[in-house]
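The values are calculated or read from the model by the stated rules, or taken from the named source; none is laboratory data. None of the values given here were measured: they were computed from a predicted structure. FYI the Cβ positions are ideal-geometry reconstructions off the backbone, even for glycines, and counts take in every protein chain you see. All accessible areas refer to the heavy atoms of the entire protein, side chains included, with ligands and DNA or RNA removed. Shrake-Rupley method; radii C 1.70, N 1.55, O 1.52, S 1.80 Å.
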Amino acid sequence: MASETPQEQAPTAASGPTPAIIVHHLNDSRSQRILWLLEELEVPYEIKFYQRGSDLLAPKELLEVSPLGKAPVITDTDGNVNLAESGAIITYIIKKYGHGKALPSQSGELDDLYFTHYCEGSLMPLVVNKFIFSIIPERAPWFLRFFLRGIFGNLTSMLVDPQLKKHLDVIEAHLGKSGDWFAGGDEPTSADFMMSFALEALSARAPANVGPKTLEWVKRVHERPAYKRGLEKGGKYAYL
Ligand SMILES: N[C@@H](CCC(=O)N[C@@H](CS)C(=O)NCC(=O)O)C(=O)O
């Protein structure tokens, strides 16, 4: 959700010129995508850190910058904008601050568009369900765990895993054709920044159906100097 009144000018990470952009960064979250993007584009930024609670939810302070209280959110002090939703943020930053970087070639435009939207629209709901279904039994009172493991295990294997396998096969086949990046070419584009969180999480926590090309792609992302800088500034990250 976008608004035009930033709540807070936060202190923190970057050096150099005074950054216009503040990244509201939740640990182990999709906001890692934004740090990677900003490092690739060499756009100065500051980070305001938020820590998940023991319930894994974001702290209520995030509600001060975005009504849904989810990460990522950016504040762009040049324009007094608060913007949530990683796809929107990535498109906004590339357009306003990219100076022509991170754009696909003409032949990659459709793939870039597709995977930029596919990630949150179709893939992430499955990833989130898989992780939530595995967490629920472990957080239940001990005497319910055995039964809940059975129920949620069945739900996962009947409803989530077959779908997820289909998606991972499509992704693997796509990377087999596109080469290093989702939209082809020599440099990551919007599609790659979006896909990073989903494929990192699956490779780290549920690698069973993640194909070799997809694992290579995740490795390629992690080897980027810009990715490493974002990681260093963002702090501990669970999905490496
Ligand atoms: N579709 C949104 C999803 C935002 C979202 O669910 N973020 C998670 C972190 S990965 C979050 O804030 N979780 C904490 C919570 O729900 O309290 C996006 O791409 O930005």
For the stretch 204-220, how many residues meet the condition of being closer than 13 Å to Lys130 by Cβ and surrounded by 16 or more Cβ atoms within 10 Å (Cβ to Cβ)?
-> 3
Tally time: how many residues in the stretch 86-123 are within 16 Å of the ligand (Cβ to nearest atom) and touching a Pro at 6+ places or on another chain (Cβ under 8 Å)?
-> 2
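Based on what the data block shows, is Tyr50 of a type in the set (Phe, Trp, Tyr) and within 11 Å of the ligand (Cβ to nearest atom)? Lay out the reasoning, then the answer.
Details: of a type in the set (Phe, Trp, Tyr): yes; within 11 Å of the ligand (Cβ to nearest atom): yes.
When the stated conditions are applied, Tyr50 passes them.
Tell me which residues, restricted to the stretch 147-169, are within 27 Å of Phe182 (Cβ to Cβ) and open to solvent by less than 40 Å² (accessible area, probe 1.4 Å).
Step one: of the stretch 147-169, the residues within 27 Å of Phe182 (Cβ to Cβ) are 156, 159-169.
Those that are within 27 Å of Phe182 (Cβ to Cβ) and open to solvent by less than 40 Å² (accessible area, probe 1.4 Å): Thr156, Val160, Leu164, His167, Leu168.
Being aromatic (Phe, Trp, Tyr), open to solvent by less than 50 Å² (accessible area, probe 1.4 Å) and assigned to a helix (DSSP H, G or I) is true for just one of Phe133, Phe143. Which residue is that?
On the way: Phe143 fails: open to solvent by less than 50 Å² (accessible area, probe 1.4 Å).
It is Phe133.
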Residues satisfying the stated conditions in the stretch 100-130, i.e. in a loop (DSSP other than H, G, I, E, B) and open to solvent by 60 Å² or more (accessible area, probe 1.4 Å) = Lys101, Leu103, Ser105
